[in-house]
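Read-outs throughout are calculated quantities, based only on the coordinates presented, and are distinct from any laboratory measurement. Only a predicted model underlies this, so the values are computations on that prediction, with no experimental measurement involved. Every residue, glycine as well, gets a Cβ built from its backbone with ideal geometry; the counts of neighbours run over all protein chains shown.
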Amino acid sequence: MRAPSRPLGAAIGAVLALSLSGCGSSAPEGTGQVKLTLWHNSADPAPLLEMYKKFEKQSGHKIELVSIPSDGFEDTTQTKWATGDRPDILEYHATVSGLLALNPAQNLRDLTGEAYIGRSGDLYRTAGSVDGKVYAAITGFPQVFGLYYNKKVFAAAGLTPPTNFTELAAACPKLKAAGVTPVFESGGSIWPVQILPILYLAGANQSNAYGKAIASHTSTLADPGSPFVSGLTAYAKLKADGCFNKDIVTAKFEDSMKALVTGEAAMVAQHSDMLPALLAAAGGDQKTVDETVGFAGLSSDKPLVTYAPGPIGTFYLPKTGDAAREKASLDFVRFMTGPAYAEYVTASKTFPVFKDVPDPQGVPAVLQDVKKAYDTGAVIAFNSDIPGMGGLAQLMSELIAGQKDPQKAATQLQGQVEQAAKAAGLPGW
Amino acid sequence: MVMRNRAAWLPWALPAIVLVTVFFVAPFLLNVRFAFSSWTSFRAEITWNGLENVRTLIDQDLLANAVTVTVLYAILCMAIQNTVSLSLALALQRTSGINTVFRSAFFLPTLVSPLAAGYIWRGLLAPDGAVNSFLGIEWAWLGEPSTALVTVAFIDAWKWSGLITLVYIAGLNGIPESLLESATVDGAGPWTRFRRVVFPLLAPALTFNVAVTLVGALSAYDVIAATTGGGPGDHTRALNVVMRQQWGQGFFGSASALGFTVTLLVIATAVPLVWWLRRREVTA
């Protein structure tokens, strides 16, 4: 027997082992028709998908849909975007923070001056625009964040839905005593657990005051006793008081919808674009949803809903350098915001963003609740204008696991905001 | 004589060397600079910023935990997979009809997509899932800090043990029968035969399997992403999970620094490990 010493072999073996660790084009068809690539959210509802087909039919252009899963939508879009790959049309968030991460001045076409902007009221003052330039075409009603609640559960317990966090905390023991999970949280999907703290902050963010203070660096998230720290503290207290489901760490948001419809849980903090998921949880039975589920605003101290312009139906036109495709993609935006939009509103039974388009008939009861709450008192999500807030959901996971206290989580998130704000060259940083 | 051997060896190694150079070494050398750059999605300019990305990751409490989780996970995966696979290989060494069926059965998970495997196991291990129903308990295997990392390592072992078992079986079948017979004649029992003859002669298979399982787990992402997403808290947040999160937030320089950390970790682990394991290799 021999025992060889082979450093060269070891090095090659290591290199082999290392290798284990690493482990839109124009399509003119002779008539000016082109193929457009559209990166879209997999949660696009059927009426929106139908609009894409109508555009194809009317224009003769082809749309190649690239579906980005709604779970992890931001990460996946950013990852594709970072490779330098560009679609002709991008469906993405209209928030300023989402827009800044696309480096709009460099990568997106300026849509300022398009006719739909003047028909949208004040929408583009808080969304879809940076430095006075409009980059987005927003066709979807904003995502409205609030509390979905089970009407039957509340009626049986003799309670009314809470309108602030004090009432929410007070309702918990009574709902628990009735054998119901007071609030169902879905830490397994990660992103939903940031909604309750964002709702809490609506009270401090009227006229986007708090968001602007953080974005301009006149306040920080980690200031002692700041609204953000208070929001996280209120959340941690709800958890300590047993207000949440036992499987908070593993439950997915689909589970939360099911728990709400079946009455296993009394409340779920979610947004209005999740109505199709709610309907799916009810087996597609709209009547069950209307009879069972209501929607209400909630903040630290007032019955406010929080809104954020959502990704569904918000379109950007990345610069591609291909004149024919750029013309066709602008035609797409004009189609989506033009006369066909009224048909979309009617078919989708959502509320229009253009002043000259009437509300649809036959809107589901729960969506009427959403609109009513929105009209009564809506505040833009405090994080809409702050870049670098993408880590909030991950920090909430650590807060839930007891690894971080509210102050430490706020300090860490402030570091991420600083990192992004400096990179984005925001004034004040 | 040595030169002649080397000349004969090179043509056979050339395809592998070319592949590794083109698909690993060259991209690595071309991209390593991004780990030391200010690259973000927020602006077009990319400038050299030294160790700023590492400092940021340390300041945000991300790096130390990610390295610890990654190393722990790699050790767990390596230990579980090699223990299970060596046992299976000893049980299934003889080629027979029934053993072929079992070898195929244990190999099947290797063919399943890691993401699919993760999603299936996440369902099975849910608090109200099939595993808990069978055991008659209620436990969030993937949601409790005490069990999450070990559970994910077991899922990884389930996925890859079939392959590792085949390598051990090949190693076992390469041991001359005559040596074992001689040992038996000399009075060696089964345990002594294994310890003194089988295990030393199995060293090349052990080298390969330990290196592959350890290095594979150091670059873990898919199974973790599909099962825990890095949670609960940051208990399974391995380097590549943090890298994806940084990337998703547009911090490409920090993400590249994490990728570079994985590479350094692999080099720092794999080179000495393979060198040491090969030193103890013997031939019959």
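Restricting the count to DSSP beta bridges whose residues both fall in chain A, what percent are antiparallel, rounded to a multiple of 5?
Here the share of antiparallel DSSP bridges comes out near 55 percent.
Cβ under 15 Å from residue A:370's Cβ, residue A:370 left aside: what net charge do those residues give with Lys, Arg +1 and Asp, Glu -1?
-1
Determine the calculated [θ] at 222 nm for chain A from helices alone, applying -39500 (n - 2.57) to every DSSP H run no shorter than 4 residues and normalising by the residue count; nearest 500 deg cm²/dmol.
Computed ellipticity for chain A at 222 nm equals -13000 deg cm²/dmol.
For the modelled label position 7 Å from the Cα of residue A:280 along Cα-to-Cβ, which residues of segment A:306-350 have backbone nitrogen atoms closer than 20 Å?
A:310-314, A:348-350
Between residue B:105 and residue B:17, what FRET efficiency comes out of the Förster formula 1/(1 + (r/R0)^6) with R0 = 45 Å and r the beta carbon distance, rounded to 0.05?
The value I calculate is 0.80.
What's the FRET efficiency of residue A:207 with residue A:131 using the Cβ-Cβ distance as r and R₀ = 22 Å, to the nearest 0.05?
With a Förster radius of 22 Å, E is 0.60.
Residue by residue, what Karplus-based ³J(HN,Hα) values in Hz, rounded to whole numbers, does segment A:202-208 have, using 6.51, -1.76 and 1.60 with θ = phi - 60° and x for Gly and Pro?
Values, residue by residue: 4, x, 8, 10, 5, 6, 6 Hz.
Hey, which lysines would be in cross-link range of residue A:80, C-alpha to C-alpha under 16 Å, not counting anything within fewer than 8 residues on its own chain?
Counting by Cα, and skipping residues close in sequence, residue A:80 has these lysines nearby: A:319.
Would you pull out the residues with amide H under 5 Å of residue A:379's amide H, same chain only if 5 or more places away, H placed 1.01 Å from N?
Here A:305, A:306, A:307 satisfy the definition.
Between residue B:95 and residue B:115, take the C-beta separation as r, use R0 = 30 Å, and let me know the FRET efficiency to the nearest 0.05.
Using R0 = 30 Å, I get an efficiency of 0.35.
Add +1 for every Lys or Arg and -1 for every Asp or Glu among the other residues with Cβ under 14 Å from the Cβ of residue A:174, and state the total.
Within the 14 Å Cβ shell, the charges total -1.
Please compute the modelled spin-label separation between residue A:83 and residue B:170, points set 7 Å along Cα→Cβ, answer in nm with one decimal.
A separation of 3.2 nm, rounded to one decimal place.
Using only the Cα atoms of the protein assembly as shown, what are the Rg and Dmax in Å?
Gyration radius and largest Cα-Cα distance of the protein assembly as shown: 28.9, 98 Å.
Go through A:62/A:372; A:54/A:371; A:133/A:327; A:372/A:404; A:327/A:355; A:252/A:404 and tell me which ones have a Cα-Cα distance over 30 Å in this structure.
Beyond 30 Å: A:62/A:372; A:372/A:404.
For residue A:42 paired with residue A:355, estimate the spin-label separation in nm (one decimal), with each label point 7 Å from Cα along the Cα-to-Cβ line.
Inter-label distance under the simple model: 4.0 nm.
Add -39500 (n - 2.57) for each DSSP H run of 4 or more in chain B, then divide by its residues: what number comes out at 222 nm, to the nearest 500 deg cm²/dmol?
The helix contribution divided over chain B gives -22000 deg cm²/dmol.
In what order do A:130, A:370 fall by count of nearby beta-carbon atoms within 10 Å, going from fewest to most?
Lowest to highest Cβ neighbour count: A:130, A:370.
Using a basic spin-label model with each label point 7 Å from the Cα along Cα→Cβ, how many nm lie between residue A:112 and residue A:301?
Here the answer is 3.9 nm between the modelled labels.
Please work out whether segment B:1-83 counts as rounded, prolate or oblate from its C-alpha gyration tensor, where a ≥ b ≥ c are the square roots of the eigenvalues and a/c under 1.5 means rounded, while otherwise a/b larger than b/c means prolate and anything else oblate?
oblate
For B:236, B:263, what ranking results if the residue with the fewest other Cβ atoms within 10 Å of its Cβ goes first?
B:263, B:236
So what J values fall out for segment A:86-103 if you push phi through Karplus, 6.51 cos²θ - 1.76 cosθ + 1.60 with θ = phi - 60°, rounded to Hz, Gly and Pro as x?
3J(HN,Hα) across segment A:86-103, in whole Hz: 10, x, 6, 9, 10, 9, 7, 4, 9, 5, 4, 5, x, 5, 4, 6, 9, 6.
Could you list B:175, B:155 so that the one with the fewest beta carbons within 10 Å of its beta carbon is first and the one with the most is last?
Least crowded to most crowded, the residues run B:175, B:155.
Would you list which aspartates and glutamates come within 16 Å of residue A:287, measuring only between C-alpha atoms, while excluding same-chain residues fewer than 8 positions from it?
Cα-Cα hits under 16 Å: A:369.
Whole-Hz Karplus ³J(HN,Hα) for segment A:193-200, in order, using 6.51 cos²θ - 1.76 cosθ + 1.60 and θ = phi - 60°, x for Gly and Pro?
Coupling constants for segment A:193-200: 6, 8, 5, 4, x, 5, 4, 3 Hz.
Tell me which residues come under 5 Å, amide H to amide H, from residue A:295 once H is placed; ignore anything under 5 positions away on its chain.
So residue A:295 has HN proximity to A:149.
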